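The values are calculated or read from the model by the stated rules, or taken from the named source; none is laboratory data. Quick caveat, the model's predicted, so the values are computed rather than measured. All Cβ positions, glycine included, derive from the backbone under ideal geometry; neighbour counts span all protein chains shown. Accessible surface is based on the protein model in full, side chains and every heavy atom, while ligands, DNA and RNA are left aside. Shrake-Rupley method; radii C 1.70, N 1.55, O 1.52, S 1.80 Å.
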Number of protein chains: 2
Amino acid sequence: MSQQTEQAYLASYNIKDYDTCLTTVDSVLFTVLNGELYTLLVRRANHPYLAYWGLPGGFIDVQRDVDLTACANRHLAEKTGIIPPYLEQVCSTGSKTRDPRGWSTTVTYYALMAHIQCTTDIDSVDDVQWLPATQALQMELAFDHKQMIEQALERLKQKALYSLVPVYALPETFTLSELQQLHEVILGKSIQSKSFRRRIELANVLEETGELSTQKGKGKRPALYRVKTGAADYRFMRNLEH
Amino acid sequence: MSQQTEQAYLASYNIKDYDTCLTTVDSVLFTVLNGELYTLLVRRANHPYLAYWGLPGGFIDVQRDVDLTACANRHLAEKTGIIPPYLEQVCSTGSKTRDPRGWSTTVTYYALMAHIQCTTDIDSVDDVQWLPATQALQMELAFDHKQMIEQALERLKQKALYSLVPVYALPETFTLSELQQLHEVILGKSIQSKSFRRRIELANVLEETGELSTQKGKGKRPALYRVKTGAADYRFMRNLEH
DNA sequence: GCAATAGTGTCTTTCAGACAGTATTAA
DNA sequence: TTAATACTGTCTGAAAGACACTATTGC
């Protein structure tokens with residue numbers, strides 16, 4: 001083989017001559033609704049695990065997908081109608097046994113988006129649904145998708161300790177209390193609001209819109225904020241307690 | 001398709017009926033020698049990138065590899081003769097263009113090991129070599145392996161800020177000065193030895209062997225340490241300055 | 001003795017936790 | 001006014017940085 005030119009090698013190369021493995025991309029899409037963390041599940045229309053709920057995702061389309069991120073976004077867009085504002089690769093899982101069709105590898109991403117942006121699309125179909133993450137984790141899901149949700153949650157938890165990444169699960173404008181409550185839900189513990197606000201001021205990745213929330217309710221009307229670009233990359237030097 | 005039973009579907013399923021993509025596992029193996037960080041490169045014996053230096057790794061063997069980690073370890077063992085004591089998945093990279101044979105995905109790992117454990121095996125062959133990481137990054141490597149080394153280094157750098165993971169690049173017993181010097185090389189900056197030692201004491205993941213180093217040289221003879229099990233999982237709450 | 005390396009004592013600085021206090025709103 | 005929510009002031013405490021100090025070795 002090494003006697004050939006590279007051109008001749010490539011001309012004669014056919015992937016189907018080899019025992020190869022399945023490769024898929026699956027995403028755990030999170031959002032926040034009523035102070036709870038939700039995740040998007042889709043009902044499988046094909047074997048294997050026909051009719052089971054699982055993660056949005058699937059095979060790489062070697063014609064249409066230019067890379068893994070594009071593949072993740074395509075599958076998410078097919079389900080939600082939009083490209084989520086935050087997408088991060090979690091890890092890859094591959095083994096001989098995770099898929100009955102054969103050796104299979106999946107690249108897991110997690111994504112964050114505002115719930116309102118896609119709620120109408122999803123409510124109109126019955127094979128896609130938002131479920132509270134805790135509830136999703138109690139279901140029997142397709143493949144090892146339950147572990148993948150757990151891994152994504154674990155990653156999101158770490159990020160909540162030293163970054164403001166969870167902000168991408170909120171709508172375009174939000175209050176600091178909403179953001180704090182989201183971090184608290186992700187971490188499963190309460191945070192001192194003074195500490196939280198101090199960190200946000202230090203990070204300088206959010207900006208006040210100048211407006212106050214129009215939500216009716218008792219108490220002082222909170223200021224509205226939006227994220228500055230690059231907020232996802234900010235990293236605090238110290239973690240919150242855990 | 002959804003009319004069939006799962007059994008019938010699986011019986012008729014043949015991966016070669018579909019356009020699929022290549023999947024490989026590559027590892028960036030680091031070690032420390034004379035206070036410098038080295039990485040292991042292998043010379044390719046096949047097309048594409050014939051005779052280029054690149055990372056140890058390759059295709060998943062659907063018969064022999066049970067999962068991705070096993071695949072990474074197998075390829076590393078083929079080159080070094082041993083299974084490295086630390087192996088961590090970095091990320092996956094996949095695109096239409098990264099391999100001339102077609103759509104290709106690679107799962108990148110990085111591994112740490114003591115140099116001495118495998119030096120004789122490697123010195124006896126001419127298609128494997130340890131190179132200073134800085135030097136490897138200046139070469140023209142196969143595929144996108146240069147970026148993969150950069151990503152692995154970046155991950156290792158983060159770990160050096162909040163963990164003692166780099167210790168796995170040292171021999172079984174080592175001095176705290178050696179460990180500190182390694183962290184300094186990875187981070188590219190000096191560390192206050194008082195801070196470093198305080199953190200180590202707090203972490204409680206190293207233990208004194210009771211011996212002193214037998215290395216001849218000026219100055220006080222340093223105490224020898226070894227890692228306790230579970231040291232890889234310890235995470236400091238605060239980062240070192242960067 | 002000196003130079004070099006290992007290791008310690010301790011003061012300063014930074015920033016999270018705790019929690020009481022003030023501000024603004026609806027009823 | 002009261003209750004609720006938003007937000008601030010300020011003290012404490014934990015741990016990193018700075019750096020001078022002591023300890024042990026080879027020459």
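Return yes when residue B:172 is surrounded by fewer than 20 Cβ atoms within 10 Å (Cβ to Cβ) and within 24 Å of residue B:93 (Cα to Cα) and no when it is not. Steps first, answer last, please.
On the way: surrounded by fewer than 20 Cβ atoms within 10 Å (Cβ to Cβ): yes; within 24 Å of residue B:93 (Cα to Cα): no.
It is false that residue B:172 is surrounded by fewer than 20 Cβ atoms within 10 Å (Cβ to Cβ) and within 24 Å of residue B:93 (Cα to Cα).
Could you pull out the residue among A:161, A:179 that is under 21 Å from the mean Cα position of the chain (by Cα), under 24 Å from residue A:29 (Cα atoms) and within 14 Å of DNA strand C (Cβ to nearest atom)? Going through A:161, A:179 in turn, just one is under 21 Å from the mean Cα position of the chain (by Cα), under 24 Å from residue A:29 (Cα atoms) and within 14 Å of DNA strand C (Cβ to nearest atom): A:161. Per the conditions (1) acidic (Asp, Glu); (2) more than 29 Å from residue A:97 (Cβ to Cβ); (3) at pLDDT below 95, the sole criterion not satisfied by residue B:154 is (3).
Tell me, which strands (runs of 3 or more DSSP E) wholly within segment A:46-125 include 2 or more residues that are among the polar types (S, T, N, Q) and modelled with pLDDT of 95 or more?
Working: elements: A:57-59, A:86-95, A:104-112.
In segment A:46-125, the matching strands (runs of 3 or more DSSP E) lie at A:86-95, A:104-112.
Can you confirm whether residue A:108 is within 13 Å of chain B (Cβ to nearest Cβ) and touching a Ser or Thr at 6+ places or on another chain (Cβ under 7 Å)? It is true that residue A:108 is within 13 Å of chain B (Cβ to nearest Cβ) and touching a Ser or Thr at 6+ places or on another chain (Cβ under 7 Å).
Picking from residues in segment B:10-37 that are in a strand (DSSP E or B) and more than 14 Å from chain A (Cβ to nearest Cβ), the one that is farthest from residue B:91 (Cα to Cα) is B:33. Restricting B:189, B:228 to residues that are under 21 Å from residue B:36 (Cβ atoms), among the basic types (Lys, Arg) and within 22 Å of the chain's Cα centre (by Cα) narrows the list to B:189.
Among the residues of segment B:22-31, are any open to solvent by 60 Å² or more (accessible area, probe 1.4 Å) and assigned by TED's automatic domain parsing to the domain that holds residue B:127? No, segment B:22-31 contains no residue that is open to solvent by 60 Å² or more (accessible area, probe 1.4 Å) and assigned by TED's automatic domain parsing to the domain that holds residue B:127. Would you confirm whether or not segment B:140-156 contains a residue that is open to solvent by less than 30 Å² (accessible area, probe 1.4 Å), part of a loop (DSSP other than H, G, I, E, B), free of Cβ contacts under 8 Å to residues at least 60 places away in the same chain and more than 13 Å from DNA strand D (Cβ to nearest atom)? Scanning segment B:140-156 turns up at least one residue that is open to solvent by less than 30 Å² (accessible area, probe 1.4 Å), part of a loop (DSSP other than H, G, I, E, B), free of Cβ contacts under 8 Å to residues at least 60 places away in the same chain and more than 13 Å from DNA strand D (Cβ to nearest atom).
Pairs are defined by a Cβ separation below 8 Å, a sequence spacing of at least 6 or placement on different chains, a first member in segment B:225-242 that is without any contact (Cβ under 8 Å) to a residue 60 or more places away in the chain, and a second member that is more than 16 Å from DNA strand C (Cβ to nearest atom) and open to solvent by less than 40 Å² (accessible area, probe 1.4 Å); the pairs so defined are B:228/B:205; B:230/B:205.
Can you tell me which residue is nearest to residue B:186 (Cα to Cα) among those in segment B:38-49 that are more than 14 Å from chain A (Cβ to nearest Cβ) and open to solvent by less than 10 Å² (accessible area, probe 1.4 Å)?
Going residue by residue through segment B:38-49, those that are more than 14 Å from chain A (Cβ to nearest Cβ) are B:38-42.
Applying the additional criterion that residues be open to solvent by less than 10 Å² (accessible area, probe 1.4 Å) yields B:39-41.
On the way: B:39: 12, B:40: 16, B:41: 19 Å.
Among those residues, the one meeting the criterion is B:39.
Residues that are open to solvent by less than 10 Å² (accessible area, probe 1.4 Å) and within 15 Å of the chain's Cα centre (by Cα) are absent from segment B:93-101 altogether. Residue pairs whose Cβ atoms lie under 6 Å apart, separated by 6 or more positions or on different chains, with the first residue in segment B:80-104 and within 8 Å of another protein chain (Cβ to nearest Cβ) and the second open to solvent by 20 Å² or more (accessible area, probe 1.4 Å) and of a type in the set (Lys, Arg), are B:103/B:96.
Regarding segment A:224-241, can at least one residue be identified that is within 14 Å of chain B (Cβ to nearest Cβ), within 9 Å of DNA strand C (Cβ to nearest atom), open to solvent by less than 50 Å² (accessible area, probe 1.4 Å) and of a type in the set (A, V, I, L, M)?
Of segment A:224-241, the ones within 14 Å of chain B (Cβ to nearest Cβ) are A:233-241.
From what's left, within 9 Å of DNA strand C (Cβ to nearest atom): A:236-241.
When the remaining residues are screened for being open to solvent by less than 50 Å² (accessible area, probe 1.4 Å), the result is A:236, A:239-240.
From the residues that got through so far, the ones that are of a type in the set (A, V, I, L, M) too are A:240.
Yes; the residues of segment A:224-241 include at least one that is within 14 Å of chain B (Cβ to nearest Cβ), within 9 Å of DNA strand C (Cβ to nearest atom), open to solvent by less than 50 Å² (accessible area, probe 1.4 Å) and of a type in the set (A, V, I, L, M).
What residue, among those in segment B:184-219 that are aliphatic (A, V, I, L, M) and in a strand (DSSP E or B), is nearest to DNA strand D (Cβ to nearest atom)?
From segment B:184-219, those aliphatic (A, V, I, L, M) are B:185-187, B:191, B:200, B:202-203, B:205-206, B:212; that's our starting set.
Then drop every residue that is not in a strand (DSSP E or B), which leaves B:206, B:212.
On the way: B:206: 15, B:212: 6 Å.
My answer is B:212.
Looking across segment B:54-69, the residues that are farther than 18 Å from residue B:153 by Cα and either open to solvent by 30 Å² or more (accessible area, probe 1.4 Å) or away from every other protein chain (no Cβ under 11 Å) (or both) come down to B:58, B:59, B:61, B:63, B:64, B:66, B:67, B:69.
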